[in-house]
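In what follows, a structure is listed as structure tokens, so that the remarks can point back to it.
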């Protein structure tokens, strides 16, 4: 390609005697320099500095990928998206992956896929029930509530903070079609029991893996990534999560039919599977009959589902490709930070209940959960930590049924079901909080948090 000259007011940006590839390399070299000058050097931690529960961890590679994608100016999903979907599927250990614009969209697609007519008798219909937990993030539950399915809320256990599997059979009814729950803050739930329960009753299992990317579970003697054992898994790439692309999420599965449905729902509900910018890959764009459309109606505009546009951009995917390379080291650092913090709190079990991993699991910890013993005032501890620069978080909704969004449903006693006591959930709502262990934390930060947790209960 011949060199070009661009003008910007009186300034003249010259690319004479350079190919497009040479110009691109020059720009990306400048981006690396920009990172080194303005982003790399973070100030050293000093006692009292704010310690966020999570934050982005990145270097020049993410910035260069982002700018490289911007220079291509494709903008929508493209080759970076293809690369990310392929590499994340390989990491999780599944065949299919679909990139979407958020973890909430991932959960929406995961559930709505189960409502497809293509699933026949296993299709989730309005009025059917979905087993979940009350102490979770709302967007795990919102898709089926809004669709007209009925969440069945179960309790948790402490100190794993996951589903109380002893309530599963009590929760089951002739209307039960699926189990959709999250691995709490990276700690896998009891997949052996839950998967067995689902198989026994021919139920779908959706693993909300948004807080657990990189967690592992020993399944039939083999260590597998969470998100690969259920029928569908979901991830979030919001900045606080295990890796980020700003916004973004993913839905993954080994089931080719579910994958087909997920892609259709993500891409406007269309029947055609051709990616953006490509036509007639199947060779039958104009020669088939669909519904009551005329014979030969353009397959690009045939819709087999009531879908959405939930695609992410190639700009986001470009960042994700760089983050994926760092993900194994991120997971190890989270585990290290968790253990370092826990070791320093082992003598405080009269004040705090410390978190424990599920049996047969290797968590990729999203956070460090603490439950105050009954004689300890949680609000005092949380306020003390916040006053000394340590950011805290609750376990999401606490008890979702008690949130304002449930006011009308609670009043009418309709739209959901609670088959057993939520005593532990209510206790978590009142006495539990968590702090971060993200990979950008230094030993000094971890030690400072441990110190402040100790001081708060003196």
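Every read-out reported here was derived from the displayed coordinates using simple, explicitly stated rules and does not represent laboratory data. Just so it is clear, the model here is predicted, and its values are computed rather than measured. When we count neighbours, we look across all protein chains shown, and the Cβ atoms used for this are built from the backbone with ideal geometry, even at glycine.
Which of the peptides 136-142, 76-82, 212-218 is most tightly packed, and how do the rest follow, going by the mean number of other Cβ atoms within 10 Å of each residue? Walk me through the numbers on the way to the answer.
On the way: 136-142: 21.6, 76-82: 19.7, 212-218: 24.7.
Result, highest mean Cβ count within 10 Å first: 212-218, 136-142, 76-82.
Over the range 81-161, all Cα pairs binned in 5 Å intervals from 0 give whole-percent P(r) values of 3, 13, 17, 18, 17, 18, 11, 3, 0, listed from short to long.
Modelled label positions at residue 414 and residue 39, each set 7 Å beyond Cα in the direction of Cβ, lie 5.2 nm from each other.
Each principal axis of the range 230-381 carries a Cα extent, and these read 74, 33, 31 Å when sorted largest first. Between residue 238 and residue 126, the contour length at 0.36 nm per residue exceeds the alpha carbon distance by 37.3 nm. Kirkwood analysis of the Cα pair distances in the chain returns a hydrodynamic radius of 24.0 Å.
If you find the alpha carbon centre of the range 401-444 and of the range 74-151, how far apart are they in angstrom? The range 401-444 and the range 74-151 have Cα centres separated by 22 Å.
Dividing the summed -39500 (n - 2.57) terms of all DSSP H runs of n ≥ 4 by the residue count of the chain sets its mean residue ellipticity at 222 nm at -11500 deg cm²/dmol. Computed on the chain, with alpha-carbon pairs under 8 angstrom and 6+ residues apart, the relative contact order is 21 percent.
For the range 72-315, the C-alpha radius of gyration divided by 2.2 N^0.38 Å, with N the number of residues, is 1.03.
In terms of its C-alpha gyration tensor, the range 1-147 comes out oblate, because a/c is 1.5 or above while a/b does not outweigh b/c. The alpha carbon centroids of the range 155-233 and the range 253-315 are separated by 31 Å.
The length gained on full extension between residue 402 and residue 70, counted as 0.36 nm times the residue separation minus their Cα-Cα distance, comes to 115.1 nm.
For the range 122-239, the fraction of alpha-carbon pairs lying more than 25 Å apart is 16 percent, rounded to a whole number.
Measuring spread by the Cα atoms of the range 212-314 yields a radius of gyration and Dmax of 17.5, 54 Å. Once the C-beta distance of residue 257 and residue 288 is scaled by a Förster radius of 25 Å, the resulting FRET efficiency is 0.85 to the nearest 0.05.
For the range 325-456, taking Cα atoms only, Rg and Dmax work out to 17.0, 51 Å respectively. Each of residue 200 and residue 32 was given a label point 7 Å from its Cα along the Cα-to-Cβ line. The distance between the two points is 5.8 nm.
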